[in-house]
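Structure first, commentary second.
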Amino acid sequence: MPTERTPVIIDIKGLQVLVDVLIEQGNEVFGPQVIDDVIAIRPLTSVDQLPAGWTDDQGAGRYRLHNDHSHGRFGYAVGPQAWKPLLHEPTLHTLSMTQSHAADPVEVHVTATRKGRRAFLGVRPCELEAIVRLDTVLLRGPNVDRAYRSARSDLMLIVVNCTVPASTCFCTAMNTGPRVSENVTIHDLEITELVNEHDGGPRYVVTPASRQGAEILDVLGSRTSTVAMTNQDALDIEAGFRRAESSIERHVDTKELHDVMIASSENALWAELADRCLACGNCTAVCPTCFCTSVNEITDLSGTTTERWRHWDSCFSLEFSRVGNAPVRSSVASRYRHWLTHKLGTWHDQFDESGCVGCGRCITWCPVGIDLTAEIPALRTAALSGGDSRPASGDQ
Amino acid sequence: MTVTMRPARAPDIPISYGVLERSDETHDVATLRTYPVAGRLPSFAPGQFSMIGIAGVGEVPISISSPADDDTAHSYTIRAIGAVTQRLVRAGVGDVVTVRGPFGRPWDMASAEGGDVAFIAGGIGIAPLRAAIEEVVRDRQRYGRIIVLVGATTPDNVVFRPWLESLRQTGVDVRLTVDRPGPDASSWFGNVGLVTELIVDAVGSVSRVVQDDNPGDEATRDRLSAFLCGPDAMMMATVVELEQLGVDPDHIQLTLERNMQCAIGTCGHCQLGGLLICRDGPVVTATQLGDALTTSEL
Ligand SMILES: Cc1cc2nc3c(=O)[nH]c(=O)nc-3n(C[C@H](O)[C@H](O)[C@H](O)COP(=O)(O)OP(=O)(O)OC[C@H]3O[C@@H](n4cnc5c(N)ncnc54)[C@H](O)[C@@H]3O)c2cc1C
Ligand code: SF4
Ligand code: SF4
């Protein structure tokens, strides 16, 4: 039904009504806010909590917020954490086991599920793509991750397109932004913020993207004044996206990138990167697609009850690859190679898509400012010239 | 948008199995024969593994070493190398362990039918091969000659030695080798050296036998299927040796070991290049493996 896709325009009061309607329908709403000098995702009840006028200045190893007093509430790019902690918790109690004597059956109580409806307001297009990647890994494999499945249930995803990318963004190269792609279908509403500094507050172009999204828009229409989009609005939006796209500074040539990565296993660049990399794991913690976890068990003093916990883990840690008494990847070079090769190469083999959505977080939050976009050209050149690399396999 | 759920058979939730019987194989290897006490695992195939654990200590991937035709009682042959395996090896009869599984791709036995079969093990690597060997021996009319090559550090560390001797009695070409014959060298009648050193003689001669039986059959050398389990370095050397003898890499299967936390393809630990070992392995062919083991620290 094409009418379902018809966008409407609301003002900031209308956006508050949207939040109110979501809450009335039983959702806990989350959205971006300024917390500790960064844009962070927190529970949200009022549009006044949104970062009005704030924008970010990001670079390799650099992040600063400043307020330029514009009317926009979404005039910045991604903060340090995406929505990943809400969907794939950093620390999770998965189950308890009780056993009084070694010969008793173990009673297992599973806790890794959550209840309640949630709505995420302000998901950026690249972040939505990252959720698509997590869905593939945690829901579409031969087995499903129980905790993630319950976190993904009863969830409204409301995308806000990017109009002010950061200098670290390279979504255009990865085909993940600055506007949500038509190929993505997991969200419910798509919003674009229109800011015209001459005629007052921001306006929001809201397009339904699912049946639930369309229903919310119907309720919204009965509660607040919505206006149809004019031709001029459509032109303004297009111009906004063109501006956003042309402001993107970083680029990655993704042509045969999988093959380039696979052919680069013996490249000397890894050792050079290892001289700079601290193996701190910041890049894996901020990356919206990194999903690796470890399990550990904690027992009470009597040894009767065991709590099984799951934590985010990082392939930069030595323990991560431990087999028997030794790690497989003991050098930092091999760990950096593993991380980047997984993101851009082997992720395709494992999950048929890229593990990188071009959000730039690993560039911003690397304490020594390692920038993958600056390293890839050298890998490509070496891989193409043959060098010490092996012939590439078929294009992925 | 809400994601549609599909029913899971709870491969992430441990269930209880009791130790029915235990046997010490070597000073640090024991076999635990387990039976279901609360719930039971789905059927398994040789080469698959379970996550077996002791509540409060942890759980680790261990292959099922008993034949797949006994679907109730499962055996695990475990070498004590760390926190969890040490406790498992010390488990007593009647103790309850937790299990999840079975996981992973099994040995592809069907592809070996009609040809010769070689099982090549290093150390504890004989454990994941045992169920496959039992199956081949049981259905031996479907296969050509059966070769079992086992390498260990010392004679005392040969796992399943009595069983291997009994296999030899039934006509299986069993050859053992050790790195060091140890103090009682005079009582060791097997070979000394690496297991790879046994291959040319054992496999090469088998290929000739098959060729004699089928004169002019160019494909006979390819009709040897090899099943490997052992340390990475041993398996790589074995693959090289077998390929030099002309064995088709599609017919060389190996079972791989990597760190595993979840065994259901979601923890990321068991990656080896493009493979997730718990999902795409642990059994892979030499073709699938490519240069993954020869690339250092992959
Ligand atoms: C598919 C597969 C099949 C296998 N089959 C067999 C088999 O049939 N027989 C066999 O003997 N082995 C088998 N193995 C190997 C076996 O899984 C390992 O030997 C076992 O995991 C070692 O565990 P461990 O706790 O005893 O040793 P450790 O190395 O001590 O521990 C293993 C894990 O526990 C963690 N850990 C260790 N110590 C600590 C600590 N102090 N604090 C926190 N965490 C810690 C490590 O991070 C590591 O991940 C198999 C492996 C795989 C992958
Ligand atoms: S690898 Fe870096 S740029 Fe790519 S998705 Fe992860 S954090 Fe973002
Ligand atoms: S954030 Fe930078 S220094 Fe830290 S592990 Fe990643 S690349 Fe290395």
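Things to note:
- Residue match in segment A:128-142 (condition: within 11 Å of chain B (Cβ to nearest Cβ), under 30 Å from A:Glu24 (Cα atoms) and of a type in the set (Asp, Glu)): yes
- Odd one out for B:Val200 among (1) of a type in the set (A, V, I, L, M); (2) surrounded by fewer than 19 Cβ atoms within 10 Å (Cβ to Cβ); (3) assigned to a loop (DSSP other than H, G, I, E, B): (3)
- For segment B:113-140, the set of residues classified as over 10 Å from the mean Cα position of the chain (by Cα), surrounded by 23 or more Cβ atoms within 10 Å (Cβ to Cβ) and either under 19 Å from B:Pro231 (Cβ atoms) or assigned by TED's automatic domain parsing to the domain that holds B:Gly47 (or both) consists of B:Ala118 only.
- Residues of segment A:343-365 that are assigned to a helix (DSSP H, G or I), away from chain B (no Cβ under 13 Å) and either within 16 Å of ligand 1 (Cβ to nearest atom) or among the hydrophobic types (A, V, I, L, M, F, W, C) (or both): A:Cys362, A:Ile363.
- Selection within segment B:244-287: residues that are assigned to a helix (DSSP H, G or I) and among the charged types (D, E, K, R). The member of this set that is farthest from B:Pro11 (Cα to Cα) is B:Asp250.
- When we screen A:Ala374, A:Ala279 for residues that are away from ligand 1 (no atom under 16 Å from the Cβ) and in a helix (DSSP H, G or I), the only hit is A:Ala374.
- The set of residues in segment B:53-91 being outside any loop (DSSP other than H, G, I, E, B) and over 22 Å from B:Gly122 (Cα atoms) consists of B:Gly53, B:Ile54, B:Gly58, B:Glu59, B:His74, B:Ala83, B:Arg87.
- Selected residue [crowded, with 17+ Cβ neighbours inside 10 Å, away from ligand 3 (no atom under 16 Å from the Cβ) and over 16 Å from the mean Cα position of the chain (by Cα)] from B:Arg40, B:Arg33: B:Arg33
One line per residue, one yes/no per condition, for (1) of a type in the set (A, V, I, L, M, F, W, C); (2) more than 16 Å from ligand 3 (Cβ to nearest atom); (3) crowded, with 18+ Cβ neighbours inside 10 Å; (4) on the phi < 0 side of the Ramachandran plot:
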site	(1), (2), (3), (4)
A:Leu278	yes, no, no, yes
A:Ala285	yes, no, yes, yes
A:Pro288	no, no, yes, yes
A:Thr304	no, yes, no, yes
A:Ser331	no, no, no, yes
A:Leu340	yes, no, yes, yes
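- Applying a threshold of 6 Å to beta carbon distances and a minimum spacing of six or more residues, or different chains, the list of pairs starting in segment A:313-330 at a residue that is more than 7 Å from every other protein chain (Cβ to nearest Cβ) and under 19 Å from B:Val84 (Cβ atoms) and ending at one that is surrounded by 21 or more Cβ atoms within 10 Å (Cβ to Cβ) and among the polar types (S, T, N, Q) reads A:Asp313/A:Thr293; A:Pro327/A:Ser321.
- Test: residue in segment A:296-310 that is within 16 Å of ligand 2 (Cβ to nearest atom) and either within 26 Å of A:Cys126 (Cα to Cα) or not assigned by TED's automatic domain parsing to the domain that holds A:Gly61 (or both): no
- Which listed residue, of B:Val150, B:Val159, is in contact with a Gly (Cβ under 9 Å, 6 or more places away or on another chain) and either surrounded by fewer than 17 Cβ atoms within 10 Å (Cβ to Cβ) or part of a loop (DSSP other than H, G, I, E, B) (or both): B:Val159
- Criterion (within 16 Å of ligand 3 (Cβ to nearest atom) and crowded, with 23+ Cβ neighbours inside 10 Å) met by exactly one of A:Trp312, A:Trp347, A:Trp270: A:Trp270
- Taken over segment A:335-352, the criterion of being in contact with a strand residue (DSSP E or B) (Cβ under 9 Å, 6 or more places away or on another chain) and of a type in the set (Ser, Thr, Tyr) is satisfied by A:Thr346 alone.
- Residue within segment B:52-64 that is more than 14 Å from every other protein chain (Cβ to nearest Cβ), modelled with pLDDT of 95 or more and either in contact with a Phe, Trp or Tyr (Cβ under 9 Å, 6 or more places away or on another chain) or surrounded by fewer than 20 Cβ atoms within 10 Å (Cβ to Cβ) (or both) present: yes
The values are calculated or read from the model by the stated rules, or taken from the named source; none is laboratory data. Being a predicted model, the structure only gives us computed values, none of them experimental. We place every Cβ from the backbone using ideal geometry, glycine too, and count neighbours over all the protein chains shown.
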